[in-house]
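The values are calculated or read from the model by the stated rules, or taken from the named source; none is laboratory data. The structure displayed is predicted, hence computed values, not measured ones. All Cβ positions, glycine included, derive from the backbone under ideal geometry; neighbour counts span all protein chains shown. Remember, those area values only see protein heavy atoms, side chains included, never the ligands or the DNA or RNA. Shrake-Rupley method; radii C 1.70, N 1.55, O 1.52, S 1.80 Å.
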There are 2 protein chains.
Amino acid sequence: MAEIPSTQVTWHEGSVTQAERGKLLKQKGCTLWFTGLSGSGKSTVAMALEQVLVKNGHAAYALDGDNVRFGLNSGPKTLIEARGNSEASAKRFGLGFSAEDREENIRRIGEVAKLFADAGLIAITSFISPYRKDRDAARKIHETNKTGAIPFIEIHVATPIEVCEQRDPKGLYKQARAALASGKGMGFTGVDDPYEPPLKPELTLDCSNKSTQDLVLEVVRMLEHRGVITA
Amino acid sequence: MAEIPSTQVTWHEGSVTQAERGKLLKQKGCTLWFTGLSGSGKSTVAMALEQVLVKNGHAAYALDGDNVRFGLNSGPKTLIEARGNSEASAKRFGLGFSAEDREENIRRIGEVAKLFADAGLIAITSFISPYRKDRDAARKIHETNKTGAIPFIEIHVATPIEVCEQRDPKGLYKQARAALASGKGMGFTGVDDPYEPPLKPELTLDCSNKSTQDLVLEVVRMLEHRGVITA
């Protein structure tokens, strides 16, 4: 790309719109909100999808536990050890796994996904996000975005709990069942905390019997069908 | 852009790197961190710069009070009224203007800017960010980014306080002086709270005597010089 000529250094009042940004990137900025149980396969599909989109020239960015839980939504311990917060501020701002902390976790993710989608990107989020209320709040901030409504595409990864529990890649179900049996419980989604499935998701995937490739293709075709990634 | 052929739906282990994303967007993802007093002109330059970059085909995105303070970093009141939070959670997570709230405000902005820059964008932040420690923490998370170090370009908008105070576009200095005279004080940067200028900013701008166009051009030339926006 050549140097910007000084004659091109002009601007007008007001903000760049969401549509203008998408046009530059040859796509419609939007958020793909994956939701589903632990072990449902949502992160596998989300990560593969991100790569496929980028490889095919689309600006897509996945927000997941890796880049969010250890950064924006760090727990108190990380805030103290890695960020140098005082104990008081770490206790106040750090996020754990209580109900209100989970809600705040999803709220911040919704806000950040909206900023990415407003910037014209395909934002991909991959979190259990078990409560309908929290997902609906994320949808609302997209639909009421100041520089133009942003498509919020909810993708329910509806793998049955029996399949998720049998896979149990991190041994979390086992832990949760043991905790429950011992009378303590740990508030684990699907075991002793509810998962509220979306009522009208834009797409439903069941990862029990399909290959990741087929599932990614299903999402890609849906994005093409909605005009997100075709010119 | 044509349909993605199913043969292109393949991926590999691991994440897309920061460099790969920048390559797709024909630029180097980075953060331009504007810092300076209230009324220094930093937001005017930042907003004009964002438009000029987008107009010239670059994916740039500005984080400012408008899209951050009313979203990700809402105050308690907004959390209750617009987001439906309980009073307790709004009090805990909502950000006001105390020292620890300001620190958390800048911390979250640093984390989000890093995500944008990691996605290959030119992230532009425009906040007073008066404390060196907080700006240095934002720099550190960029330099230690997991998928590759991200350039953190600190731009000190060094307009003298006399000029800022004379402009006083929102009447805030007047308010702060009155509060100070009445013996209460409001912890306003430059009046009764310190502004710690960067020791080694990548660029220093003084908006007292130059046109916005000249200042934007100065930033653009610096970005070209650093290879951020030339192929």
Worksheet item: Can you give the longest stretch of chain B with no exposed loop site, where a site means GluC sites (Glu not before Pro) in a DSSP loop (not H, G, I, E or B) with at most 13 other C-beta atoms within 10 Å?
Response: B:14-231
Worksheet item: Classify chain B: rounded, prolate or oblate, from the alpha-carbon gyration tensor (a ≥ b ≥ c, eigenvalue square roots; a/c under 1.5 rounded; otherwise prolate if a/b is larger than b/c)?
Response: oblate
Discussion item. Is the C-alpha gyration tensor of the protein assembly as shown telling us rounded, prolate or oblate? Criteria: a/c under 1.5 is rounded; beyond that, a/b larger than b/c is prolate, otherwise oblate.
Written reply: oblate
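Please arrange A:M47, A:M186 by accessible surface area, largest first, computed with a 1.4 Å probe and ligands excluded. Display every interim value, and only then the final one.
Values: A:M47 60, A:M186 80 Å².
Putting A:M47, A:M186 in descending order of accessible area: A:M186, A:M47.
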Discussion item. How far, in nm to one decimal, is A:E100 from itself in the other copies if the label point is set 7 angstrom along Cα toward Cβ? Shortest first, please.
Written reply: 1.4
Item to complete: Take every Cα pair under 8 Å in chain A that's 6+ residues apart, average their separations, divide by the length, and report that relative contact order as a whole percent.
Response: 31 percent
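Give me the dipole magnitude in Debye, nearest 20, for chain A about the Cα centre, with unit charges on the beta carbon: positive for Lys and Arg, negative for Asp and Glu.
Working: 30 positive and 29 negative charges, 15 e Å.
With only Lys, Arg, Asp and Glu charged at Cβ, the dipole is about 60 debye.
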Worksheet item: At a Förster radius of 45 Å, what calculated FRET efficiency corresponds to the Cβ-Cβ distance of B:K170 and A:K200, to the nearest 0.05?
Response: 0.55
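With runs of 4+ DSSP H residues as the only contributors, calculate the mean residue ellipticity of chain A at 222 nm using -39,500 (n - 2.57) per run, divided by the residue total and rounded to the nearest 500. Each step should come with its number before you reach the end.
Numbers: 9 runs with 97 residues, N = 231.
Value at 222 nm, helices only: -12500 deg cm²/dmol.
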Worksheet item: B:D206 label points, 7 Å along Cα→Cβ, one per copy: pairwise distances from this copy to the rest in nm, shortest first?
Response: 7.1
Practice prompt. Compute the label-point distances linking B:E3 to its equivalents in the other copies; points lie 7 Å from Cα along Cα→Cβ; give nm, one decimal, shortest first.
Written response: 4.6
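Rounded, prolate or oblate: which fits the stretch B:135-218, taking a ≥ b ≥ c as square roots of the Cα gyration tensor eigenvalues, rounded meaning a/c under 1.5, else prolate when a/b beats b/c? Please report the intermediate quantities before stating the final value.
Numbers: a/c = 3.33, a/b = 1.55, b/c = 2.15.
Oblate, since a/c reaches 1.5 and b/c is not below a/b.
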